[in-house]
Each structure stands twice: as C-alpha cells, then as structure tokens.
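Q: I have a structure here, written as structure tokens, and I will follow up with some questions on it.
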Amino acid sequence: MASVPISEDNRFGLRRQARLAGPLRLSSGAQLGPVDIAYETYGRMNADKSNVILICHALTGDQYVASDHPVTGKPGWWWRLVGEGKPVDPARHFIVCSNVIGSCMGSSGPASLDPVTGDPHAMRFPVLTIADMVRAQALLLDHLGVDRLSAVIGGSMGGMQALTWPTLFPDRVESCVVIASTARHSAQNIAFHEVGRQAIMADPHWRGGDYYADGQAPMAGLAVARMAAHITYLSEAGLTEKFGRRLQGRDAKTFGFDADFQVESYLRHQGLSFVERFDANSYLYITRAMDYYDIAEDHGGSLAKAFTATSARFCLVSFDTDWLYPTAESRIIVHALNASGAQASFVELSSPFGHDAFLLECPELNRVVDGFLRGGRA
Amino acid sequence: MSETLRPDLALIARTVRQGARVLDVGCGDGALMAAMRDSSQVDARGLELDGSNVAAAVGRGLSVVQGDADTDLTYYPDASFDYAILSQTLQTTRRPDKVVEELLRIGRQAFVSFPNFAHWRGRLSLMWGGRMPVTRLLPDTWYDTLNIHHVTVDDFRALVKERGWTIDGQWFLKGDKETTHANANLFAEHAVFLLRK
C-alpha cells in the first residue's frame with residue numbers, strides 16, 4: 001500500500017513537539033492557548049489513513065511509549081505491547097503517543113512558561129480534566145492530518161482517556177482498548193490522591209507551587225506521594241513474594257528508623273528516582289484531573305448514554321489482583337456498553353502483579369489485544 | 001475455518017438466519033460464533049464464564065464478555081438480539097428456568113441445547129449399577145461435574161408448557177446424527193429446542 005511520504009515531514013518521528021494555536025476550551029470554562037504538545041510517532045500512515053493508533057499514557061507516563069526515555073535511558077514504557085512484532089506494530093500501524101497536557105515532558109503544564117509573563121504557570125495553570133487531555137489529543141490529530149483512529153489504547157489513566165475518546169468524538173474512533181481502568185474515580189482512588197497532594201503541599205519547598213525559580217523543588221513531598229501511590233500499584237501477594245519481611249543489607253533490626261526492611265528501601269528508591277523525572281505541580285494537576293473523572297456524570301448520570309452515539313468496538317481488560325481499579329469497575333463499563341448495544345469484549349486476566357500488571361509481562365494481554373485489533377479487519 | 005463443530009452447534013449454525021444478531025451465552029472459545037460469523041455473516045456476541053476461553057475468543061476477533069449467565073444477563077436490553085443461544089450450559093446454571101426467561105427476554109427466539117439425562121444408558125447405569133451415570137456425554141463423576149441441574153427431554157418440555165413458551169423447533173441427536181422425535185426422552189443423547197415467548 002502506498003504511504004504518505006513522511007520522511008521529510010517534520011511532524012512525524014521521535015521527540016516531536018507542536019505548538020497549536022487553540023485556544024482549547026476546557027471543562028472548567030477556562031481557555032488554554034497556545035497548546036504545546038510533545039509526542040512521538042512510529043510507523044507510517046497508509047494512503048487511506050486507516051491504520052492510525054493512539055496510545056494514551058498513565059499518570060506518570062509520557063510520550064516515550066516505544067523509544068528509550070531521554071532522562072532514565074529505560075526502554076519505552078509499553079515496549080511489551082508496542083513495537084516490532086508486537087500487537088501494536090510500526091510495520092503495520094501508524095502509532096501516535098502524546099504527553100498529556102498538565103504533564104511535564106514537553107506538553108503545556110504548570111512547569112511550562114506562560115507566554116505572557118515568561119514565568120512558569122505554576123498553580124496559575126488552569127485545572128484540567130481527562131476530557132481536556134483528550135480534546136488536546138484531538139487537536140494534535142488535526143495537526144497530523146488524522147481524521148479517524150483505527151484504535152485508541154490505554155491502561156490506567158490512559159484507559160480513562162481511551163474510554164473518553166468515543167464519548168467526545170463518536171465518529172473519530174473505530175475501536176477502543178481500556179486496560180486496568182475505570183469509568184469514574186472512586187472515593188478510595190480520590191483518597192489516595194489526596195494523601196499524595198497533601199504530602200507535596202506540606203513540603204516547605206512547595207511554596208504555593210512557585211518553586212521553579214529557586215531550584216528547590218518539593219522533592220521530599222513528591223517522593224512520599226510516589227511511595228504511597230506505588231503501594232496501590234502492587235498487590236499484597238506480590239509485595240510478600242518480592243520482599244516478605246526480609247531485612248535490607250543487615251542481619252538484624254537496628255532498633256532505629258533506617259530502612260531496615262527491603263520493602264522500605266525499595267519504596268524510598270521508587271520515591272527518589274521519581275522526583276528526578278517528574279514535576280510536583282504536574283502531579284497535583286494530573287491527580288486532580290483523575291479525581292474529577294466520571295463519564296456517567298457528564299451524561300446525566302447514565303454511563304450507557306455516553307456510548308449510544310458511537311459505533312466503536314470496545315475491549316476491556318482487568319487484572320484479578322488489581323485493587324486500584326478492580327474488575328468490578330470494568331464490569332460497570334461492560335454492562336453499560338451492553339445496555340447501549342455496543343460491541344464489547346471483556347476479560348479478567350490473572351496476574352500476581354496488581355495494577356502494574358498492565359505494564360508487565362502478560363502473554364495473554366498481548367494475545368487479547370492483538371486478536372481484538374485484527375478482529376476489526378475480519 | 002475448517003474446525004469441526006459439535007453436532008448441536010452445527011445444527012444451530014445451520015438454522016440461524018443470515019445476518020442475524022445473536023447472543024451466545026456460555027460461548028466457550030467462540031467456535032459457534034466464529035462459524036456463524038464466517039458462514040452466515042451473523043453479528044454474534046458472547047458471554048463466557050471462563051477467562052482463558054474469553055481470551056481465546058477475543059483472540060480470534062470475536063466480541064465476548066466474561067460473565068455469568070446466572071447474574072449478568074440482566075444487563076442486556078429487551079429484544080436486543082434475534083437469537084439468544086444457550087448450548088450445553090442450562091444444566092450448569094443455578095436457576096435454569098430464570099436463565100431461559102432471560103434468554104427469551106433478550107432474544108426474540110432462544111436456542112437451548114442440553115444433554116438428555118434420561119437417555120437409556122444413564123437409566124441403565126442407575127437402575128443396574130445404582131451409580132450416577134458416567135458416559136461419553138456426561139464424562140464427569142457426581143462430585144466434580146459442573147452439571148448441577150440434570151434435566152431430561154420430558155422435564156424440559158414440562159417446563160416449557162408450564163411457562164407457556166412456544167416451541168418453534170426441536171431436534172434430537174444420537175452421537176452426531178439426528179434422531180427421531182419418537183421416544184426422544186429415551187433415545188436422544190442431546191436435545192436442541194428453539195423457543196419463543
């Protein structure tokens with residue numbers, strides 16, 4: 001099949017950034033513009049533009065879905081699903097992954113500069129929703145010349161964006177893969193996020209969010225936020241298997257408050273490595289967007305109504321040890337899709353890894369996603 | 001797809017109308033759905049309890065939801081399918097009568113197939129051996145079988161009559177061959193009913 005010649009088109013490729021005029025009208029009523037979006041594309045758009053897949057990232061994710069991370073040097077965060085020979089394959093698909101607005105990897109967010117004042121927006125940045133992130137992605141697709149998505153795929157907060165896509169743009173999405181996610185943030189989800197935000201805001205270096213100039217970010221607060229959140233991404237069985245009550249680099253308890261236990265040392269490491277790559281204010285904004293997320297609320301309280309306008313196919317996957325977005329949340333979506341007559345598939349997969357399972361080795365996940373994506377071409 | 005269908009499934013696949021909307025309850029790995037999709041352009045959806053079966057069915061491009069016939073049919077709207085199919089699942093449900101009621105609410109017609117517990121082999125096994133039958137069609141022992149509501153052809157007919165359902169078709173199988181309606185309760189290994197409310 002003939003391809004659009006893209007080699008000389010600088011809109012396509014790795015480490016791209018676009019400044020889109022906007023303005024983007026946000027859920028809050030505020031306007032955002034211009035809108036910067038950092039993104040990557042992989043593969044080539046075919047002539048009839050029918051092979052486009054949008055990948056949506058999670059809370060602390062980024063656009064580096066299938067290429068090495070510029071800060072950590074680690075391979076793309078979803079290399080198990082996206083790449084040569086994988087279910088989402090640049091040899092067959094044109095793949096787009098963009099950094100959500102509100103984040104800190106090149107898209108407009110609290111750390112980016114206010115074009116009027118030249119200073120970072122900090123807490124003057126407007127509060128966002130998941131729907132706003134999706135609207136920004138739609139702007140980017142306009143810029144790339146993409147009318148319709150063959151598929152939108154995401155896990156966790158990425159799943160929230162994927163599920164929101166057909167509700168906002170029913171005619172622009174052919175299929176939708178929602179992994180380890182939900183149609184609304186639960187009280188427990190909001191509660192954990194509030195712990196994280198309070199940890200950041202209690203750090204004296206946070207200073208109302210205006211910490212960019214003095215080089216002293218609220219790293220301790222952000223690290224604690226990450227540690228608390230990280231626990232919710234794992235499972236008790238997984239933690240027990242990985243660490244048990246084993247001590248860290250010592251033979252006996254110290255009767256002090258050092259990281260005696262391996263699990264403490266592990267969490268501290270998670271917290272410290274996170275602050276090197278993430279902005280504390282972005283963490284506040286993105287967790288807030290997730291808390292405000294409730295698709296039914298935006299459709300008169302009926303989740304089924306959200307999907308009546310779309311003919312998209314849906315595939316939902318949950319994991320049996322995920323207690324952050326448990327299987328029951330996916331079932332709520334499935335029941336709504338059944339009620340709306342949508343084509344829906346759903347499976348609960350087994351994994352010891354809790355919520356994080358969607359990022360880890362899971363051959364059945366690949367099989368399900370691959371079959372679902374190919375099923376659309378049958 | 002050159003997969004050989006189980007005889008009751010092949011019969012159902014032959015009978016559904018071209019292009020019909022079908023819900024297959026207890027669809028297993030989707031063999032029937034795939035056959036109907038490929039041969040009759042049927043718009044098939046599935047419901048299946050077992051996760052690895054669901055993964056296999058979705059892996060072949062089918063729309064299948066993991067769920068339980070006893071609890072999850074309530075989420076499907078009235079008359080949203082031309083046919084609802086329940087093949088060899090009736091006897092594993094907690095309330096078979098309520099499941100069939102749901103099938104007839106969701107589908108304009110319903111196929112129900114089940115192994116006939118009154119087949120003469122089973123009767124002999126009970127009568128002479130005094131033991132619950134373990135046969136080719138009922139291969140599990142009483143303690144590990146998934147079949148918790150054994151049913152006979154006559155039992156099912158009695159239920160249909162009691163509820164006032166209409167039988168639009170009935171087929172009886174012995175091995176992979178159709179057999180006569182006469183004495184089906186004694187000679188049929190398998191029954192397939194097509195019902196309407």
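Each reported figure results from applying straightforward, stated rules to the coordinates on display, with no laboratory input. The structure displayed is predicted, hence computed values, not measured ones. Neighbour counts run over all protein chains shown; Cβ positions are idealised from the backbone, glycine included.
Q: Quick check: pseudo-label points 7 Å beyond the Cα along Cα→Cβ at A:Arg250 and B:Lys98, how many nm apart are they?
A: According to this spin-label approximation, the distance is 5.7 nm.
Q: Set the Förster distance to 30 Å, then compute FRET efficiency between A:Asp68 and A:Ile231 from the Cβ-Cβ distance, nearest 0.05.
A: 0.60
Q: Go through A:151-161, B:126-136, A:237-247, A:90-100 and give me the packing order, highest mean Cβ count within 10 Å leading.
A: The most tightly packed comes first, giving A:151-161, A:90-100, A:237-247, B:126-136.
Q: May I pose another question? With +1 on the Cβ of every Lys and Arg and -1 on the Cβ of every Asp and Glu, and nothing else charged, how large is the dipole of the stretch A:124-173 about its Cα centre, in debye rounded to the nearest 20?
A: My answer is approximately 120 debye.
Q: If you place +1 on the Cβ of every Lys and Arg, -1 on the Cβ of every Asp and Glu, and leave all else neutral, what size is the dipole of the stretch A:124-216 about its Cα centre, to the nearest 20 Debye?
A: For the stretch A:124-216, the charge dipole is close to 140 debye.
Q: With the cut-off at 20 Å, tell me which of the pairs A:Lys86/A:Lys242; A:Lys49/A:Lys305; B:Lys161/B:Lys197 have Cα atoms farther apart than that.
A: A:Lys86/A:Lys242; A:Lys49/A:Lys305
Q: Considering only the other residues whose Cβ falls under 14 Å of the Cβ of A:Ala237, what net charge follows from Lys and Arg at +1 and Asp and Glu at -1?
A: -4
Q: Let me ask something else about it. Dividing the convex hull volume of the alpha carbon atoms of the protein assembly as shown by its residue count, what do you get in Å³ per residue?
A: Hull volume normalised by residue count: 180 Å³.
Q: Tabulate in residue order the Karplus-calculated ³J(HN,Hα) for the stretch A:29-37, using 6.51 cos²θ - 1.76 cosθ + 1.60 with θ = phi - 60°, rounded to whole Hz; enter x for Gly and Pro.
A: x, 6, 10, 10, x, x, 10, 8, 9
Q: Once the Cβ-Cβ distance between A:Val195 and A:Trp323 is put in as r, and R0 is 22 Å, what FRET efficiency do you end up with, to the nearest 0.05?
A: 0.90
Q: Going by average Cβ density within 10 Å per residue, which order do the peptides A:73-80, A:356-363 take, highest to lowest?
A: Put in order of decreasing packing, that is A:356-363, A:73-80.
Q: Whole percent per 5 Å bin, from 0 to the bin with the longest distance: what is P(r) over all C-alpha pairs of the stretch A:215-312?
A: P(r) over the stretch A:215-312, rounded to whole percents: 2, 11, 14, 15, 13, 12, 10, 9, 7, 4, 2, 2, 0.
Q: Aspartates and glutamates within cross-link reach of A:Lys253: Cα-Cα under 19 Å, excluding same-chain residues under 8 positions apart?
A: A:Glu264
Q: Let me ask you something else. Order these peptides, A:313-319, A:327-333, by their mean beta-carbon neighbour count within 10 angstrom, highest first.
A: By packing density, highest mean first, the sequence is A:313-319, A:327-333.
Q: Quick one: the Cα spread of the stretch A:246-296 along its three principal axes, in angstroms, biggest first?
A: Extents along the principal axes, in whole Å: 52, 27, 15.
Q: Something else: What percentages make up the Cα-Cα pair-distance distribution of the stretch B:77-197 when the bins are 5 Å wide from 0?
A: 2, 11, 21, 23, 19, 13, 7, 3, 1, 0
Q: Quick check on the exposure proxy: order A:Thr117, A:Thr167, B:Thr93 from fewest to most C-beta atoms within 10 angstrom.
A: With the fewest neighbours first, A:Thr117, A:Thr167, B:Thr93 line up as A:Thr117, B:Thr93, A:Thr167.
Q: Exposure proxy check: A:Val178, A:Val195, A:Val275, B:Val65 ranked by fewest other beta carbons within 10 Å?
A: Going from sparsest to densest Cβ surroundings: A:Val195, A:Val275, B:Val65, A:Val178.
Q: Report Rg (one decimal) and Dmax (nearest whole number) for the stretch A:164-210, counting Cα atoms only, units Å.
A: Expressed in Å, the Cα Rg and Dmax of the stretch A:164-210 come to 17.1, 48.
Q: If you don't mind, another one. The stretch A:1-134: D in µm²/s via Stokes-Einstein (Kirkwood Rh, Cα pairs, 10 °C, 1.306 mPa s)?
A: Numbers: Rh = 15.9 Å.
Taking Rh from Cα pairs, D becomes 100 µm²/s.
Q: Take every residue in peptide A:328-335, count the Cβ atoms of other chains within 10 Å of its Cβ, and give the average of those counts.
A: That average works out to 2.
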